[in-house]
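Chemist: Encoded as structure tokens, here's the structure I'll be asking about.
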Amino acid sequence: MYFKQILDERCGCASYVIASRQTLEAAIVDPALTIEPYEELLRERGFRLRYVIDTHVHADHVSGARRLRDRLGAEVCLHESAAVHYPFRPLKDGEELSLGQLRLRVVHTPGHRSELMSLLVINPPRSPEPSMVLTGDSLLVGDVGRPDFGGGDARAQQRSIARLLELPDWVAVFPGHFEGPCGKGMCGRPSTTIGFERRFNPLARLAPQEFVANLESGVPPRPLNMTAIEATNRGAIDCPEAMLVSAPPVEAVGPEAVEAVGDAALLLDVRELGEYARAHIPGATNLPQADLASRIAELPRNRRIIVVCQSAQRSLRAAQYLKQSGFPEVEYMKGGTVAWKQSGRPVIQGDGGHSTPIVESVWAHAGSVSGR
């Protein structure tokens, strides 16, 4: 058997190449949008790509599955319940895909999303028992996938995790994420074992009701451009440019500079609406980072934009995305809304006409920052 884990440091995702050394048949699981590294590996090894498998419809990165299908003629596979707008091979719970002597057995593990499945890797000449499980965004290292990405369910996640943890201790766990917004407490390691997670994963030790309560509380913000990415992976739209694939330099400015610039800049708050409504900088216009690519046409390209969030983590990536998308004058506010409040400057509450298009709300806010 050939097995390779490929890590994407930018989005914290993992993809996998599995192949039979006997027949040279290969499968790629959860491929990234940039498919050239897979093509090079397959070419160097002499492998023939038979299957491209997405464990679920991803919402934080654009899948390369259909690109690999079109370039190499592989069969795209998802769980039978996946609601997408393109043809695929539907897989059922318990079904097996063969790669020479290898078997990939489907385990339906809904929770993060309803169609999510895990894959048991079995090499019968070596052992009748599975040696590995690819868990997608169900069981993570020290965590589990969050259930609020669309079609998810915390109770289903609890049942799925319990099912996976019934596997033998020795089974190696290879998740779809090692960091990023998919969970609240991933430890950063790219793999683990069933035995280790059963003993040390803090969520695995919770009673079912406590597990559900934990997943449903303190939900992190939705990922950058989630709306456009998820729709692209369903085939509803074609927006691969929603992926942040570069890290252009973006200047940071402090609260003093934001206050001084006044109406000359669009102050863009990329937090979720609830965060924005609780307290935001006067004059700031709300556009959650999850919807940035979907509503990018509303943003003025001939005006300075200063991006703000809670502490500056989201605003930096959002500002980099705007730079990548050709906006000429973009900065982000260091310290975010927290730094603004700590400096003694006022904040206001309310959604500020959230449904109003940005091109209109920019002028509705005019004058609210300057003159203080």
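The values are calculated or read from the model by the stated rules, or taken from the named source; none is laboratory data. A quick note: this is a predicted structure, and the numbers were derived from the prediction, not measured. Here the Cβ is made from the backbone with ideal geometry for all residues, glycine too, and neighbour counts use every protein chain on show.
Chemist: Of the residues in region 49-60, how many are part of a loop (DSSP other than H, G, I, E, B) and either of a type in the set (K, R) or modelled with pLDDT under 95 (or both)?
Modeler: Step one: filter region 49-60 for residues part of a loop (DSSP other than H, G, I, E, B), giving 54-60.
Narrowing the set further to residues that are either of a type in the set (K, R) or modelled with pLDDT under 95 (or both) leaves 59-60.
Result for region 49-60: 2.
Chemist: Take the residues in region 5-37 that are without any contact (Cβ under 8 Å) to a residue 40 or more places away in the chain and more than 24 Å from E95 (Cβ to Cβ); name whichever of them is surrounded by the fewest Cβ atoms within 10 Å (Cβ to Cβ).
Modeler: That would be E9.
Chemist: Among A277, A290, which is the only one that is touching a His at 6+ places or on another chain (Cβ under 9 Å), crowded, with 16+ Cβ neighbours inside 10 Å, part of a helix (DSSP H, G or I) and assigned by TED's automatic domain parsing to the domain that holds F327?
Modeler: A277
Chemist: Can you spot a residue in region 303-316 that is under 20 Å from P220 (Cβ atoms) and in contact with a His (Cβ under 6 Å, 6 or more places away or on another chain)?
Modeler: For region 303-316, residues under 20 Å from P220 (Cβ atoms) and in contact with a His (Cβ under 6 Å, 6 or more places away or on another chain): absent.
Chemist: In this structure, is R372 over 31 Å from the mean Cα position of the chain (by Cα), closer than 20 Å to A260 by Cα and at pLDDT 60 or above?
Modeler: No, not satisfied.
Chemist: Please find, within region 1-48, the residue that is farthest from N123 (Cα to Cα) out of those that are part of a strand (DSSP E or B) and polar (S, T, N, Q).
Modeler: At the first step, the residues of region 1-48 found to be part of a strand (DSSP E or B) are 2-8, 13-19, 25-29, 48.
This time we only want the ones that are polar (S, T, N, Q), so: 5, 15.
Details: Q5: 17, S15: 20 Å.
Checked region 1-48; the qualifying residue farthest from N123 (Cα to Cα) is S15.
Chemist: Look at V347 and say whether it is farther than 13 Å from A284 by Cβ and surrounded by fewer than 21 Cβ atoms within 10 Å (Cβ to Cβ). If you could, list the steps in order and put the result at the bottom.
Modeler: On the way: farther than 13 Å from A284 by Cβ: no; surrounded by fewer than 21 Cβ atoms within 10 Å (Cβ to Cβ): yes.
It is false that V347 is farther than 13 Å from A284 by Cβ and surrounded by fewer than 21 Cβ atoms within 10 Å (Cβ to Cβ).
Chemist: From the list F196, F174, exactly one residue is within 22 Å of the chain's Cα centre (by Cα), farther than 23 Å from G274 by Cβ, of a type in the set (F, W, Y) and at pLDDT 95 or above. Which is it?
Modeler: One residue alone meets the criteria, F174.
Chemist: Which ones in region 252-274 are closer than 17 Å to V219 by Cα, out of contact with any Lys or Arg (no Cβ under 8 Å at 6 or more places or on another chain) and either of a type in the set (A, V, I, L, M, F, W, C) or not assigned by TED's automatic domain parsing to the domain that holds A312 (or both)?
Modeler: Within region 252-274, L273 is the sole residue that qualifies.
Chemist: From the set of residues in region 140-164 that are basic (K, R) and outside any loop (DSSP other than H, G, I, E, B), which is farthest from V212 (Cα to Cα)?
Modeler: Applying the filter and picking the extreme gives R163.
Chemist: Any residue in region 196-219 that is touching a residue at least 40 places away in the same chain (Cβ under 8 Å), of a type outside the set (V, I, T) and in contact with a Ser or Thr (Cβ under 6 Å, 6 or more places away or on another chain)?
Modeler: No: region 196-219 contains no residue that is touching a residue at least 40 places away in the same chain (Cβ under 8 Å), of a type outside the set (V, I, T) and in contact with a Ser or Thr (Cβ under 6 Å, 6 or more places away or on another chain).
Chemist: Any residue in region 204-223 that is assigned by TED's automatic domain parsing to the domain that holds H56, closer than 30 Å to R159 by Cα, of a type outside the set (K, R) and touching a strand residue (DSSP E or B) at 6+ places or on another chain (Cβ under 6 Å)?
Modeler: No, region 204-223 contains no residue that is assigned by TED's automatic domain parsing to the domain that holds H56, closer than 30 Å to R159 by Cα, of a type outside the set (K, R) and touching a strand residue (DSSP E or B) at 6+ places or on another chain (Cβ under 6 Å).
Conditions (1) touching an Asp or Glu at 6+ places or on another chain (Cβ under 7 Å); (2) at pLDDT 95 or above; (3) not in a strand (DSSP E or B), marked per residue:
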residue: L78; (1), (2), (3): yes, yes, no
residue: A82; (1), (2), (3): yes, yes, yes
residue: P90; (1), (2), (3): yes, yes, no
residue: D93; (1), (2), (3): no, yes, yes
residue: G111; (1), (2), (3): yes, yes, yes
residue: L120; (1), (2), (3): no, yes, no
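Chemist: Within the group P128, P147, which residue is exposed (fewer than 15 other Cβ atoms within 10 Å of the Cβ), over 19 Å from P31 (Cβ atoms) and in the same structural domain as G100 (by TED's automatic domain parsing)?
Modeler: On inspection, the qualifying residue turns out to be P128.
Chemist: Being under 17 Å from P223 (Cα atoms), crowded, with 17+ Cβ neighbours inside 10 Å and aromatic (F, W, Y) narrows it down to one of Y321, Y332, so name that one.
Modeler: Unique residue meeting the criteria: Y321.
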